[in-house]
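Okay, so here's the structure we're looking at.
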Amino acid sequence: MNANKFAVGLCGLAIWTSAPAYSQQTTVAPNDDATRLLVGRLDLERYKATLRGLGQYGDRQQGTDRNRAAVDWIEAQLRSYGCAPERIKYVYNSPGLPRDQQIVAHPPGTPVGSGEIVMGLGGARIRGMTLPVVPNNNPAAQTDPILRALNEGPSTPGPREEVYCTKVGSTRPDEMYIVGAHMDGRGFGEATDDNGSGAALVMELARVLSGPDVVTERSIRFALWNNEARVPPPIYRNAARSKARRIRPDRAAIRSPDGSP
C-alpha cells in the first residue's frame, strides 16, 4: 500500500491522523485500503451496546455514586480495548444543583416576533414559540419509576475523577490529537443524547485505533471528561494550554493534518 494518511468518519466527525510509518503529506483517497480496513472495523452494534452500558448508570450526574460507577465501567472498557487507562483526580467543592421538590408546569410559550432577533445558547437564533431550555432538575418530573430509582442519589461536593487513555505515536509521540467527550449528564434519564452518544463514539474510536496492528505517527488521546456541565475539565484545560489538536464528538469537527479547520 502507498497510503500515508487515513480518515475515520462517523456521525459527522472526521479525524485525520497519521497512518503507519509513512512520511509523505499527501491525502489518501476514500477508497484507500487502510481507510477501508479501519472503517470496516467500526461496529454499529458495539456502539449501541456501549450506549446501553453507559445508560445503566442513569444520567451519570457528577458527584453521584452512579457517576463514579460509570467512570469505573469506562476504565474497564478502555483496558479491554488494549488502551491503558489513566485518571485525572481533583476536588470540586461547589454544592450540587438544588432539587426542585415540586413539579413545576412549563410556562406558556413566548412568541418571537417576525424579524425579531433573539439569540439562544451557543449563538443560536430562536424563532417562533419558545420554552425554557434548562435541563430538568426535578426527580419527581421523571415519570418512569425505574429511571427515577436509577437516578436517586444526589450530587455532593468532593473528589472527582475522569478517565482517559493514550495511543503513543511511533515517530512523533510528542505531537497529539485529543478525541474527547463528556460522559456525565443531567436530567434523571439515561443522558443518551447529551452526551452518551459522544462518549460512546470516543470509546468506539479508542477500540478501533488501539488494535495491535494499527500504528500512528502521532499520539492519540481518548478522553472522557467529567463534571462538564459545572466546570471545564482539568484534562481539557491542560490540553488547551498545549499544542495538542482537540476534537469533541459532542461538537462535530473536521480537522486537516495541520490542525486547521
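For the range 45-70, which positions are assigned to a helix (DSSP H, G or I), among the basic types (Lys, Arg) and in contact with a Gly (Cβ under 6 Å, 6 or more places away or on another chain)? Steps first, please.
First pass over the range 45-70, keeping only residues assigned to a helix (DSSP H, G or I): 45-55, 65-70.
Next cut, among the basic types (Lys, Arg) only: 46, 48, 52, 66, 68.
Answer for the range 45-70, where residues must be assigned to a helix (DSSP H, G or I), among the basic types (Lys, Arg) and in contact with a Gly (Cβ under 6 Å, 6 or more places away or on another chain): just Arg66.
Looking at the range 136-157, can you tell me whether even one residue there is at pLDDT below 95, aliphatic (A, V, I, L, M) and surrounded by 15 or more Cβ atoms within 10 Å (Cβ to Cβ)? Quick ask: steps written out before the conclusion?
Taking the range 136-157 as the starting set, the residues that turn out to be at pLDDT below 95 are 136-157.
In the following step, the residues that additionally are aliphatic (A, V, I, L, M) were identified as 140-141, 146-147, 149-150.
Next, only the ones that are surrounded by 15 or more Cβ atoms within 10 Å (Cβ to Cβ) stay: 147, 150.
Yes: one or more hits.
Name the single residue that is farthest from Thr143 (Cα to Cα) among those in the range 187-204 being aliphatic (A, V, I, L, M) and in contact with a strand residue (DSSP E or B) (Cβ under 6 Å, 6 or more places away or on another chain).
Taking the candidates together, the pick is Val202.
Going by what's in this entry, would Arg87 be described as surrounded by fewer than 17 Cβ atoms within 10 Å (Cβ to Cβ), modelled with pLDDT under 90 and in contact with a strand residue (DSSP E or B) (Cβ under 9 Å, 6 or more places away or on another chain)?
So Arg87 does not fit the description; no.
Name, by its number, the condition in (1) buried (at least 20 other Cβ atoms within 10 Å of the Cβ); (2) more than 20 Å from Arg218 (Cα to Cα) that does not hold for Glu161.
Tallying (1) buried (at least 20 other Cβ atoms within 10 Å of the Cβ); (2) more than 20 Å from Arg218 (Cα to Cα), Glu161 fails exactly one: (1).
Filtering the range 218-232 down to residues that are in contact with a Phe, Trp or Tyr (Cβ under 8 Å, 6 or more places away or on another chain) and either in a loop (DSSP other than H, G, I, E, B) or without any contact (Cβ under 8 Å) to a residue 40 or more places away in the chain (or both), which residue is surrounded by the most Cβ atoms within 10 Å (Cβ to Cβ)?
Here the answer is Asn227.
Could you list all residues from the range 90-130 that are surrounded by 10 or more Cβ atoms within 10 Å (Cβ to Cβ), modelled with pLDDT under 70 and within 26 Å of the chain's Cα centre (by Cα)?
Gly96, Leu97, Arg99
The values are calculated or read from the model by the stated rules, or taken from the named source; none is laboratory data. If you're wondering where the values come from, they're calculated on a predicted model, not measured in any experiment. In this analysis, Cβ positions are derived from the backbone assuming ideal geometry, glycine residues included, and neighbour counts consider all displayed protein chains.
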